[in-house]
Amino acid sequence: MANMSQVKNEMPVQDPKVRITNFSEVALGYTPEQAIDEATRCLNCKRRPCVGGCPVAIDIPGFIQKIVDGEFEEAYQIISQSSALPAVCGRVCPQESQCERVCVRGARGEAVAIGRLERFVADWHRVHVTEAPKPVPSNGHKVAVVGSGPSGLTCAGDLARKGYEVTVFEALHIAGGVLVYGIPEFRLPKAIVQSEINNLKAMGVKFETNTVIGKSVSIDELMEEEGFESVYIGSGAGLPRFMKIPGENLNGVYSANEFLTRVNLMKAYKENSNTPIQHGNRVAVVGGGNVAMDAARCARRLGADVMIIYRRTEKELPARAEEAHHAKEEGIEFYMLASPVEILGNEQGWVSGVRVQQMELSEPDESGRAKPVPIEGDIRTIAVDSVIMSIGTSPNPLIASTTEGLATQKWGGIIANDETGLTSHPMVYAGGDAVTGAATVILAMGAGKAAATDIDHQIMGTAD
Amino acid sequence: MYPIRSKVVLNPTVVKMEIEAPRVARKAEPGQFVMLRVEDDGERMPLTIADFDREAGTVTVIFQIVGATTEKFAHMEVGDALPDFAGPLGRATVTEGKKKVAIVGGGVGCAIAYPVAKKFHEQGAIVHSIIGFRTADLVFMADEFRAVSDHMDLMTDDGSAGEKGLVTNALKDLIDSGEDYDEVIAIGPLVMMKFVAKLTKEYGIPTVVSMNPIMIDGTGMCGGCRLTVGGETKFACVDGPEFDGHLVDFDEAMSRGSMYKPFERHAYDEACHLYNMEVK
C-alpha cells in the first residue's frame, strides 16, 4: 500500500544559526527509515514520467522500489547504470524542474523526493561499500577528455566502463572542475567529489592535472602525436562576465568565480589557509542565480552581512527555490528590482558603496517574460565594502582559439550536434557549459553521456 | 611532481631554479608564464618563464623572495619537487618585424627581460639593454645581457655598480642621443614601467610592458588579474601578460597589487619565523 502523504519527508538540515558559522554540509540526508518511508510514496506507475524528465534517464521507479525493499546497494547499482555521479546529482540537480516536476504525485501534493532518495542511496553505498570498482580490460582504444567537471567525468566513466583507455586533462591542480572550485563545501562536500573521482581512477581512468589544453598541448597534437582517437571537450564556461560599470576594478570587487575559487578550491575559509580573501563586513552580491546564492552564503559564513541585488523580483530568480530559501534562512537580504550603475570607492582604492538604479517590471512581452526597466531618477546608494559580481560566465576561448576547424557561436560556445555532441572537427566532441553556456551539472552530464555513446559507435564502426 | 633540476642563488633575494616539466618546456616562449604551487594546500603563484630547454624538458624560473610562498620555494633544493607546475600560459612576446629595440629591465624583472632580449638578438635585431638594480650586491645576469646586446647600460640607485641613476635616465639619454627604436620593452616594478611608458609616450615610441598582477588560475577563470588598458578591462592571464604600456592604468594596477598586503606580510613573517626556529 502506497504511502499517501501529500508532503515529502522533510530533509534534516543544520540549524541556520549554527550553519552560518561553519562550512559543513547544510542538508544532513535521510535516515534509512525516512528513505523507506519516502520511497513508499512512489506509486511505481506504469507511465514513469520521471525517467523522461531525467537528462541521463535513470530508472527512477526501479531504484526507488529497491529502497522500499531495503535493498540499498541494489538501488545504487540501478542508478549507477545511468549516472556516474549519483552522490553529486542527488545534491545539486534541480529535480524540481526535471524528474520531480513530472512526478504523478505532484498533481496532488508534493512529488516524491527523488533527489533526496538518490542522495541517500549514493551516500549509503559510499559508507557501506568500500570495495573500489574493478578496471575493465582495455579494448585498445584511447580517448582524451578535456576538463574534469561533471560533463568530462561522466564521459570518461562511460567510456572506461566500455574498456576505453581514457585520460582526463585538467588545467587546475585538482580534478573536479566546477564541483571543486565552484560549488561550496556546505552544499557538496569535496570528499564526495574526491570519492567519485577515485572510483573512476580505480576503473582505470588516468588524470593529468596542470595541463591546459590549447596551451600545454593542442587538441590536434593529442590526436596526431599522442594517439587519442577521439577527444571530448567538457571545458565548461569559466570566463566571468562583468557589468562594465565604473568602479568594477576597485579592491574588494570580485567575480563570483574568483570569490568561490578562493573559498572552495583554495580553502580560504580555513584559518591557516595560504590563500587570502577579503572578509567584508557588508557584501553585495549582484545576480540571482545559484552561483549568486553560493557566493552570498559563503560570504555570510565568512562573517559578513550580505545582500543579493537582482534586477527582477524574487519570482524570477533563476536560482533553485531551495537555494534561495536556504539563503534567506541564513539571514541574507534580498534586494530586488535594482541594478548597480556604479561602484564607489574610498581614497585607498577600496569599495565603499554601490549605486543602484531602481527597476520595475514591464508588462510581459510576447515570450511571456517581464523586462526590468529603470525607474527614471530613482538611484540609491548603499554602503558596502565588498561587491561580488555573479552575472554569468562565458565559455573559455582557449581551446576554440587554438584548434583549427572547431566552429563556435559568436558568443564563444562550441557548436556541437544536439544529439551526439560531435563538433565541426572530425572525432572531436563537446558538451556541457562549453557548448550551452552556463547551465546545470546534470545537463552537462547528459551531454557527456551522449558523446560517450557516439564516440563508442564511431570507433567501433557500429554507427548507423 | 615536477623535480627541481638545478638551483642558483643569483643575489641575496633572487633565486633561479630549473624545473623538469616536459609539456611546458615543449611549448614555452619568451613572455609567457607558468602557474605553480610549492606545497599541497599552497597558493597558486604565477611566474614568468625565464628560460627553457626543449631537449632537456626543463623550464627556468627566477624569482625574488617577497613573501611566504617564495620564501618556501627558496628553501627547496635540487631533488625536491613541486607538486604543481602548469603552463605555458599567456601570450608570447611578439618579436617579429622589429629592427632595433631597447629592453629595460628592473630588479628581478631583468630575469624575464633577458629571454626577450635574447630572442630579439637571435632574430638579428639591434638590441640595447638597460638593466637597473638598487645596489651592486643585487646585480645579476649582467654578463648574459651583455652577450646578447649591442649596447648595455647597467644602472644602480646608489652608483655602487655601473652608472648611478634610474633606468629612465639612461633610456632618455639614449633616445636624446639619436637612437631610434622601433619598440621599447620594459619589465620590472610597476612604478618603473609606469615611468618608462611615460617617457616613451613623449617620444612616441611604441612600448610593451609585462604585467604581473594577482592571479589564481591563470586561464581566464577568476578575473582577479584584471587591468584597465585603454579604458577597457583586460585579463592579464589570457589577454597578456604583455600590454601596450601607453594604455595601461598603472595606478589602478598598483592599488590592486596591494590588496592582500597585510595578509601577505603576516604569512611571510610566519614562514620566516618557522625557518628561524629550524635554524635554532
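The values are calculated or read from the model by the stated rules, or taken from the named source; none is laboratory data. None of these values were measured; they are calculated from a predicted model. Every residue, glycine among them, receives a Cβ derived from its backbone with ideal geometry; neighbour counts consider all protein chains shown. What goes into the accessible areas is simple: the full protein's heavy atoms, side chains included, and nothing from ligands, DNA or RNA. Shrake-Rupley method; radii C 1.70, N 1.55, O 1.52, S 1.80 Å.
Of all segments of chain B bounded by GluC sites (Glu not before Pro) found in a DSSP loop with no more than 10 other C-beta atoms within 10 Å, the longest spans B:97-280. Under a Gaussian network description of chain B, with springs only between Cα atoms under 10 Å, the residue in B:G67, B:G31, B:G218 that fluctuates furthest is B:G67.
DSSP bridge analysis restricted to chain B gives an antiparallel fraction near 60%, rounded to the nearest 5. What lysines does A:K328 reach when the alpha-carbon gap must be under 29 Å and sequence neighbours fewer than 8 apart in one chain are set aside? Excluding near neighbours in sequence, the set is A:K8, A:K17, A:K190, A:K244, A:K267, A:K270, A:K315, A:K371. Convex hull of alpha carbon positions in chain B: directionally averaged projected area 14.7 nm². Loop-located GluC sites (Glu not before Pro) in segment A:59-151 (DSSP state not H, G, I, E or B) with no more than 16 neighbouring Cβ atoms inside 10 Å: A:E71, A:E110, A:E131. Of the accessible area of segment A:400-464, computed with a 1.4 Å probe over protein heavy atoms only, carbon and sulfur atoms account for 52 percent.
The heavy atoms of A:E33 offer some 130 square angstrom of accessible surface to a 1.4 angstrom probe. Ordered by solvent-accessible area of protein heavy atoms (1.4 Å probe), largest first, the residues A:L222, A:L28 come out as A:L28, A:L222.
The mean number of partner chain beta-carbon atoms within 10 angstrom of a residue's beta-carbon across peptide B:212-219 is 5. Just subtract the alpha-carbon distance of B:K99 and B:R54 from 0.36 nm times their residue separation and send over the number in nm, one decimal. Using 0.36 nm per residue and subtracting the Cα-Cα distance, I get 13.5 nm.
Panel note: contact residues of segment A:235-262 (accessible area lowered by at least 50 Å² against the chain on its own; 1.4 Å probe) correspond to A:F242, A:N249, A:N251, A:E258, A:R262. Among rounded, prolate and oblate, which fits chain A when a ≥ b ≥ c are the square roots of the eigenvalues of its C-alpha gyration tensor, a/c under 1.5 means rounded, and a/b larger than b/c means prolate? Cα axes put chain A in the oblate bin. Averaging the sequence gap over all C-alpha pairs within less than 8 Å and six or more residues apart, then dividing by the number of residues, gives chain A a relative contact order of 15 percent.
Each Cα pair under 8 Å and six or more residues apart adds its sequence gap; the mean of these over the residue count of chain B is a relative contact order of 17 percent.
Between segment A:116-158 and segment A:344-365, the C-alpha centres lie 44 angstrom from each other. Roughly how far apart, in whole Å, are the Cα centres of segment A:1-33 and segment B:74-116? Each part's Cα centre sits 53 Å from the other's.
In a reduced charge model with +1 at each Lys and Arg Cβ and -1 at each Asp and Glu Cβ, the protein assembly as shown shows a dipole moment near 1280 debye about its Cα centre. Of all the options B:G109, B:G97, B:G188, the one that moves most in a Gaussian network model of chain B with Cα springs shorter than 10 angstrom is B:G97.
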